[in-house]
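Please treat every number below as a calculation from the coordinates, not as lab data. All figures in this text were calculated on a predicted structure; none of them were measured in a lab. Cβ sites come from the backbone with ideal geometry, for glycine too, and all protein chains shown count toward neighbours.
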Amino acid sequence: MSRANEEVEALLREYAELIAISGADAFKARAYEKAARAIGGHPVDIARLDAKGLREIPNVGKSIADKVVEYLRTGHVPDIDASRSAVPAGVRELTRIPGLGPRKALVLHRELGISSVPELEAAIDQERLRDLKGFGERTEQAILHGIALLRQSGDRILLDAAMELAEEIVGEMERIPGCVRCTYAGSLRRMRETIGDIDILVAADGSAPFMTALTRLAHTAEVIAHGAKKTSVRTASGLQVDLRVLPPASWGAGLQYFTGSKAHNIRTRELAVRHGLKLSEYGLFDAESGDSLASETEEEVYARLGLPWIPPTLREDRGEIAAGLRDELPELLTERDIRGDLHTHTDLTDGLASLEDMVAAAAARGYAYYAVTDHAPDLSMQRMTKEKILAQRAQVRALDRTVRGMRLLHGTELNIGPDGGLDWPDDFLADFDLCVASVHSHFGQSRQAMTARILRACENPYVAVIGHPTTRRIGKRPGVDADFDAVFEACARTGTALEINAHPERLDLCDEDVLRAKRYGVKFAVDSDAHATVHLPYLRYGVGTAQRGWLTKDDVVNAWPWTRLQRFLQAKRT
Ligand code: DGT
Ligand code: CA
Ligand code: CA
Ligand code: ZN
């Protein structure tokens, strides 16, 4: 996705939030939010568009287009600056609490003068919220839970945002003469779902030009430390970037060390000690003589410890060293193994792109099959009907005949109702090629009710995939409370795949759940849940999560050839 599109998406979202907080005009706030989404999902770099071109994007009218042009030209929009200064900073801080919307934040500020998270905690403690209209004990509990979530995510950012920035920085470094190697390390190389800071490594004989380049990046807002071994900067969005320049001869040892995780490094160092060796960021040395034994590549370092090279996504001290010593590391799923996407949307519901555009973008990715799964009617704002979905099916069938090399599947994303019921009767579901079923409402049910609800969906013969099984949104909404071990067992027994939703804000199931579900023999579907053509590449983050869950291509149904996938779908139905 283009940086300008992303920046403007964030800006317009912020403006929508400011409008909502000031309580002004709900319609206007909604209009800005829609425009933000449309620009974020627009396949063309908006920096190349004029006002007229911008207005051709759905949901972008004249006033929004003018603001965008102004922003792209000057970096500011007076109206947005004005509403920024009109809303107290404390109120905006309150809206960062997951589950606390702008309306409630404003009431807390107006009625109780609360303008920070600690003040809010104190007010809850003194039971001052209960007298406010629309607040009660349940709200208090929800807010406290939201505050805990906020603290937990801290200042970490989502994987995709860190990845895009890191790849750009690596690109810059590689252009500098003298750069022998460059890559990102740390949690990003391990594909963790959130990133604390970005660690960039360069192999070169001299460090100065690289360090200086980092301090001069367009993104750099503040230089935290500028040295010969390490330089740290902070970007305008508050993210820290650490750059280390290593001598080419110790590249492998440095990369191994700075990739982590810390827990994995502790294990590898212990192993070194047992062999009478010493492992550091500079190399693997003989503890007595001090002779260097390996340092240039990671492979050499691991080999000298009696290990195969361990993929970064496994380096979390979850048994990878023991498995490596037994030569039993899994052959991990890669993005190249993925043959299709089984959960995607079009503008028939809340997607931004037409069926034709989504299919063309999918075909360009080289997929062998592709499922269109628009929302079913129980998500009432999507206004789906039987007629509409059948008309889409006819379009899909017609298109399928013209697209070469890629098979189109017509599916739907069903809503798992509060009692586990689905949108349409079984005989109607039977005519879809594939149904994904997901929870989209009633998130607060009891554990018992939620478990029974999901289990009932698993038992339905036409449900092939459970979509985003926990429904969490990272840093925004916790997952639902259910007995997922029971769900995993049911999925394995009924032949229902569990989704690894690759949207960077979801990554649902998460790595640890994947690892646990795999032990039950569950199969998985790694899907983009794309609502725009530019979302299809999110798949890589789902693959990262699958790797962190130790999955091989045998575990993932959309890494299978069509005939095997078809057998899987049929087996459940019969
Ligand atoms: P993050 O930034 O919080 O998302 O997580 P990491 O894993 O990127 O952690 P970071 O940036 O503090 O350090 C990068 C890597 O450097 C880390 O994964 C392992 C290594 N490292 C850093 N500090 C230590 C340490 O005190 N001991 C050991 N063994 N390794 C460390
Ligand atoms: Ca890091
Ligand atoms: Ca770091
Ligand atoms: Zn969904």
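Restricting the calculation to alpha carbons of the range 255-343 gives Rg and Dmax of 15.0, 58 angstrom.
Each part gets one Cα centre, and for the range 324-338 versus the range 350-386 those centres are 32 Å apart. Remark on the chain: Rg and Dmax equal 25.5, 79 Å (Cα only). Only helices enter this figure: runs of n ≥ 4 DSSP H residues, each worth -39500 (n - 2.57), summed and divided by the residues of the chain, yield -13000 deg cm²/dmol at 222 nm to the nearest 500. You can think of it this way: the chain between Asp350 and Ala322 has 5.4 nm of extra reach, that is 0.36 nm per residue less the Cα-Cα gap.
One Cα centroid belongs to the range 462-492, the other to the range 205-275; the line between them spans 37 Å. Ratio of Rg to Rh for the range 4-153: 1.06 [Cα atoms; Kirkwood radius as inverse mean 1/r over pairs]. For the pair the range 531-551 / the range 277-291, the C-alpha centres are spaced 38 Å from each other. When a/c reaches 1.5 or more, the comparison of a/b and b/c decides; with that in mind, is the range 335-573 rounded, prolate or oblate per its Cα gyration tensor? It comes out rounded by the Cα gyration axes. Estimated from the Cβ-Cβ distance and a Förster radius of 30 angstrom, the FRET efficiency linking Ala51 and Arg96 is about 0.35. Taking the DSSP beta bridges with both ends in the chain, the antiparallel portion is around 45 percent. Remark: for residue pairs Lys34/Lys476; Lys133/Lys476; Lys67/Lys133; Lys67/Lys388; Lys262/Lys476, the C-alpha separation exceeds 29 Å in Lys67/Lys133; Lys67/Lys388.
Under a Cβ-Cβ cut-off of 13 Å, what is the net charge of the residues other than Lys52 that fall near it, where Lys and Arg count +1 and Asp and Glu count -1? The answer is 0. Going by a ≥ b ≥ c, the root eigenvalues of the Cα gyration tensor, does the range 423-563 fall in the rounded group (a/c under 1.5), the prolate group (a/b larger than b/c) or the oblate group? It comes out rounded by the Cα gyration axes.
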